[in-house]
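Take a look at the structure set out below.
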Amino acid sequence: MKTTTLVPAAFVVAAVAASALSARAQPERRQVGTEPWAGPDSAPWRTADAAASGFDPAGLDRLAALAETTHADALVVIRHGRLVFERYWNGRGPDDVQQTYSSTKGAFALLVGRVLARGGISSLDQPIVDFVPEQTRDLLTFRNVMAMASGLAQWPALDRADGEAGRSQLEAVLARGMTHAPYDYFIYHNAAYRVLFTALERATGLSLPDLTRAELFEPLGMTGAYWVEIHADEGRLGYQSIRMRPRDLAKIGQVLLNDGAWNGRQYLPADYIARLTTAPAPKANPSYGLFWHLNAGDHYLSYRESDFVRSRLLPGTPPDAIANFGNRGQIVVIVPSLDLVWVRTGRRIPSNIWTPNGTVAQLSAAVVAAVEP
């Protein structure tokens, strides 16, 4: 077995600072779409009247006004498995795919579950080194990476150094040491997340777009969805995220709400959904599961700095809520106790999910407030 050495944080920061002095200018990066999935929507949302579904229509109008003034492009509300409210702005419509950024992590968690169920990986505790042997840190597993508690080094300076050096997503992980034991420390970690792209490709023998079309887009009927790649002059550096319709982001949420069932079939085992929505390292952060934010903890840790915030993530929303948030405000929130899923997308948002009582919390509280007692 390979051994892993924990590198002191000060050493890594010093190394990054030294490398930055000699780094060349960051190469231009561009987003390049892969082939969209062209199949039909096999399970389009059935609609229902908002009032008959237990909503105050005036409350939904107030929600829509708040979404519009906070720069939303789309707002979708699902209750009891029916589409009950939908609004679009800025020239968008229900068939337009939109970039989801880190909300892709919720979809990616489902993809990991599909590969696990088919035997491509043996368990969430299987070491990543089994598939990516060039990264020698045998402590990294699917579970601790998905928990954002792998122990792999992470600071903004490291991200900047990756960009300046023109590293691919895999090379970025290879350049980092371990600073903590797994599950001892939570830090939102995109570099560690992206090594799972390579792991799944090697576990299945399929490219990530092909795998996702077969195991996610087709089963859920995500018409027009596709992965975006990141390219530079040196070639492809990795993947950005999935572009999908807001209605399809709501489908991801509904699968969680249904304990893994979709369109009358068990798409994923219920016990796998339970693992996604349970904090595996509650001492490090009780408000994060496996690529899903949890509203159950009495505190949460913020993005990048991991600052401690004594509050639920969405204080105006029931504590059983589960959420995902992507850059610029790509949001999906599931509230099992209300049989509710809602989605907001846009090109900018005044504040992110980690901002205490910020825009996401306000939107979520407005959705909940629109539910009739």
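The values are calculated or read from the model by the stated rules, or taken from the named source; none is laboratory data. No experiment lies behind these values; they were computed from the predicted model shown. Virtual Cβ from ideal backbone geometry, glycine too; neighbours counted across all protein chains shown.
Keeping to the stretch 224-250, report how many residues are surrounded by 21 or more Cβ atoms within 10 Å (Cβ to Cβ), more than 15 Å from the chain's Cα centre (by Cα) and outside any helix (DSSP H, G or I).
Total meeting the criteria: 3.
For residues that are surrounded by fewer than 21 Cβ atoms within 10 Å (Cβ to Cβ) and small (Gly, Ala, Ser), tally how many sit in the stretch 192-218.
Within the stretch 192-218, residues that are surrounded by fewer than 21 Cβ atoms within 10 Å (Cβ to Cβ) and small (Gly, Ala, Ser) number 3.
Count, please, the residues in the stretch 168-189 that happen to be closer than 19 Å to Asp125 by Cα and touching a helix residue (DSSP H, G or I) at 6+ places or on another chain (Cβ under 8 Å).
Residues meeting the conditions: 4.
Working only within the stretch 122-134, note down all residues that are of a type in the set (Asp, Glu) and not in a loop (DSSP other than H, G, I, E, B).
Once the filter is applied, which keeps residues that are of a type in the set (Asp, Glu) and not in a loop (DSSP other than H, G, I, E, B), the stretch 122-134 yields only Asp130.
What's the total number of residues in the stretch 38-89 that are surrounded by fewer than 20 Cβ atoms within 10 Å (Cβ to Cβ), over 18 Å from Thr345 (Cβ atoms) and either aromatic (Phe, Trp, Tyr) or touching a His at 6+ places or on another chain (Cβ under 9 Å) (or both)?
2
Go through the stretch 177-192 and count every residue that is part of a loop (DSSP other than H, G, I, E, B) and closer than 16 Å to Pro156 by Cα.
Looking only at that region, the number is 6.
This table checks each residue for (1) in contact with a Ser or Thr (Cβ under 8 Å, 6 or more places away or on another chain); (2) farther than 30 Å from His180 by Cβ; (3) modelled with pLDDT of 95 or more; (4) not aromatic (Phe, Trp, Tyr).
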site: Leu21; (1), (2), (3), (4): no, no, no, yes
site: Gln26; (1), (2), (3), (4): no, no, no, yes
site: Ala48; (1), (2), (3), (4): no, yes, yes, yes
site: Arg62; (1), (2), (3), (4): no, yes, yes, yes
site: Leu66; (1), (2), (3), (4): no, yes, yes, yes
site: Ala72; (1), (2), (3), (4): yes, yes, yes, yes
site: Val76; (1), (2), (3), (4): no, yes, yes, yes
site: Phe85; (1), (2), (3), (4): no, yes, yes, no
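Just one of the numbered conditions (1) under 15 Å from the mean Cα position of the chain (by Cα); (2) farther than 16 Å from Val77 by Cβ; (3) not charged (D, E, K, R) is not true of Ala361; which one?
(1)
Just the residues that are hydrophobic (A, V, I, L, M, F, W, C) and farther than 20 Å from Asn324 by Cβ, please, taken from the stretch 89-126.
Passing the criteria: Trp89, Ala117, Ile121.
Is the stretch 175-182 home to any residue that is within 24 Å of Ala107 (Cβ to Cβ) and of a type in the set (S, T, N, Q)?
No, every residue in the stretch 175-182 fails to be within 24 Å of Ala107 (Cβ to Cβ) and of a type in the set (S, T, N, Q).
For the structure I just gave you, tell me whether Asp271 is modelled with pLDDT of 95 or more and within 19 Å of Ser103 (Cβ to Cβ).
no
Checking Asp95 against (1) surrounded by fewer than 18 Cβ atoms within 10 Å (Cβ to Cβ); (2) touching a strand residue (DSSP E or B) at 6+ places or on another chain (Cβ under 8 Å); (3) part of a loop (DSSP other than H, G, I, E, B), which single condition isn't satisfied?
With (1) surrounded by fewer than 18 Cβ atoms within 10 Å (Cβ to Cβ); (2) touching a strand residue (DSSP E or B) at 6+ places or on another chain (Cβ under 8 Å); (3) part of a loop (DSSP other than H, G, I, E, B) applied to Asp95, the lone miss is (2).
Got at least one residue in the stretch 235-244 being in contact with a strand residue (DSSP E or B) (Cβ under 7 Å, 6 or more places away or on another chain), aliphatic (A, V, I, L, M) and closer than 25 Å to Ile121 by Cα?
Within the stretch 235-244 (the criterion being in contact with a strand residue (DSSP E or B) (Cβ under 7 Å, 6 or more places away or on another chain), aliphatic (A, V, I, L, M) and closer than 25 Å to Ile121 by Cα), the answer is yes, since at least one residue qualifies.
Residue-by-condition table, conditions (1) on the phi < 0 side of the Ramachandran plot; (2) surrounded by 24 or more Cβ atoms within 10 Å (Cβ to Cβ); (3) assigned to a helix (DSSP H, G or I):
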| site | (1), (2), (3) |
| --- | --- |
| Gly91 | no, no, no |
| Ser102 | yes, no, yes |
| Val112 | yes, yes, yes |
| Gly120 | yes, no, no |
| Thr136 | yes, no, no |
| Ser150 | yes, yes, no |
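Have a look at Ala323, Ala284 and point out the one that is outside any loop (DSSP other than H, G, I, E, B) and at pLDDT 95 or above. Reasoning before the result, please.
Numbers: Ala284 fails: outside any loop (DSSP other than H, G, I, E, B).
None of the other options fit; the residue is Ala323.
Being out of contact with any helix residue (DSSP H, G or I) (no Cβ under 7 Å at 6 or more places or on another chain), part of a loop (DSSP other than H, G, I, E, B), crowded, with 17+ Cβ neighbours inside 10 Å and not acidic (Asp, Glu): is that true of Arg312 here? Spell out the reasoning first.
Working: out of contact with any helix residue (DSSP H, G or I) (no Cβ under 7 Å at 6 or more places or on another chain): yes; part of a loop (DSSP other than H, G, I, E, B): yes; crowded, with 17+ Cβ neighbours inside 10 Å: yes; not acidic (Asp, Glu): yes.
Here the answer is yes, as Arg312 does meet what is asked.
Quickly run through the stretch 122-134 and pick out the residues that are buried (at least 18 other Cβ atoms within 10 Å of the Cβ) and either among the polar types (S, T, N, Q) or touching a helix residue (DSSP H, G or I) at 6+ places or on another chain (Cβ under 7 Å) (or both).
Once the filter is applied, which keeps residues that are buried (at least 18 other Cβ atoms within 10 Å of the Cβ) and either among the polar types (S, T, N, Q) or touching a helix residue (DSSP H, G or I) at 6+ places or on another chain (Cβ under 7 Å) (or both), the stretch 122-134 yields Leu124, Ile128, Phe131, Val132.
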